[in-house]
Structure formats: structure tokens, C-alpha cells
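The values are calculated or read from the model by the stated rules, or taken from the named source; none is laboratory data. Predicted model only: the values in this text are computed from it and were never measured. Note that each Cβ is placed from the backbone with ideal geometry, even for glycine, and that neighbours are counted across all protein chains shown. In case anyone asks, the SASA skips ligands and DNA or RNA and just uses the protein heavy atoms, side chains included. Shrake-Rupley method; radii C 1.70, N 1.55, O 1.52, S 1.80 Å.
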Amino acid sequence: MIRWNHPVHGFVPPDNFIPLAEQTGVIRDVTHWVLKEALRQQQQWRLGGHDIAIAANISAVDLIDMKLPAYVAQLMTEFDVDAKLLTLEVTESTVMGDPESALKALNTLRDMGISLSIDDFGTGFSSMAQLKKMPVDELKIDMAFVLGLAKN
């Protein structure tokens with residue numbers, strides 16, 4: 001998740017500005033900036049002799065935008081990034097908002113060799129049957145889902 005250190009207001013948590021970016025339609029610009037900066041940084045690390053994997057979150061708006069895979073491919077070429085060093089994270093609710101479009105985008109990204117992760121699993125209403133259809137490599141279970149696991 002992106003962090004914002006505003007010059008006047010100081011640290012602004014992502015929960016305070018990401019929903020606004022999604023509502024106003026600028027989330028694609030934010031995502032493009034984040035991906036470009038992340039892949040640029042990954043390239044710098046690699047040129048310094050360090051193969052460090054990176055992860056970036058994408059929103060529901062990004063996930064159903066079928067231009068995203070082409071943009072990611074363009075950036076991977078521009079910065080000579082190995083797809084196995086990139087993970088894109090989506091929340092469970094993002095996937096469940098439009099499962100058909102999400103699945104198409106996820107499969108396209110997966111076919112490019114990019115690792116996929118579902119973040120905050122357990123906060124939405126997806127079932128294990130739906131989860132089995134998702135081409136994901138990682139499942140990050142939300143703390144709220146497991147907090148009372150021993151008692152309930």
C-alpha cells in the first residue's frame with residue numbers, strides 16, 4: 001500500500017486517500033505512478049547486485065481495466081524486470097466486486113509470469129470454491145478472520 005508523507009499535513013494513511021482516489025477516478029494514475037516507481041526501484045536494486053522482489057497493491061478499478069496488463073508489460077520491458085520478482089496484490093472484496101472481469105485480468109497477469117496475492121482474505125464473502133478458481137500464489141488472511149480462531 002502506498003504511503004503519503006504530505007509536506008504540510010505529515011503522514012496521511014492510505015485509508016484516508018485511496019478511497020478518494022478511487023471515487024474521483026485518479027486511482028489509475030496513482031497505480032501507474034506506484035508501479036513505475038516500484039519497478040524503477042527494483043531495477044536500481046538489481047543493478048546494485050540485489051534481486052529483491054517487490055509487491056504492489058492494485059484496486060478494483062485497476063483490476064477490471066484490461067489496459068493494466070499491457071502497462072505492466074511495458075514497464076517490465078522498460079526497466080528489464082523479471083516477472084517472477086513482481087507480485088500484484090488485490091483484496092478479496094476487489095475480486096468479488098466483479099469476479100468475471102477480475103478472473104480475466106488475473107489470468108492475463110498470471111500468464112505474464114507475475115505472482116498474484118489476495119490480501120485481507122476473510123473480510124469478504126468469497127467461498128473456498130471461488131478461491132479455487134483464482135490463479136493466485138499467495139493468500140494473506142486478515143487478522144480479524146483468525147483473531148478468535150482458538151475460541152470459535
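For this structure, a couple of remarks:
- Listed by position, the strands (runs of 3 or more DSSP E) contained in the range 1-84 that have at least 3 residues being under 14 Å from the mean Cα position of the chain (by Cα) are 54-57.
- Conditions (1) in contact with a helix residue (DSSP H, G or I) (Cβ under 9 Å, 6 or more places away or on another chain); (2) aromatic (Phe, Trp, Tyr); (3) over 17 Å from Asn107 (Cα atoms); number of the one not met by Trp45: (1)
- In the range 131-150, the qualifying residues are those that are assigned to a helix (DSSP H, G or I) and not small (Gly, Ala, Ser), and the one that is least open to solvent (accessible area, probe 1.4 Å) is Leu131.
- Single match in Val8, Val72, Val26 (criterion: open to solvent by less than 60 Å² (accessible area, probe 1.4 Å) and of a type in the set (Val, Ile, Thr)): Val72
- Contact map, the range 103-119: residues that are over 16 Å from Leu35 (Cβ atoms) paired with residues that are hydrophobic (A, V, I, L, M, F, W, C) and at pLDDT 95 or above, Cβ distance under 8 Å, separation 6+ or inter-chain. No pairs are found.
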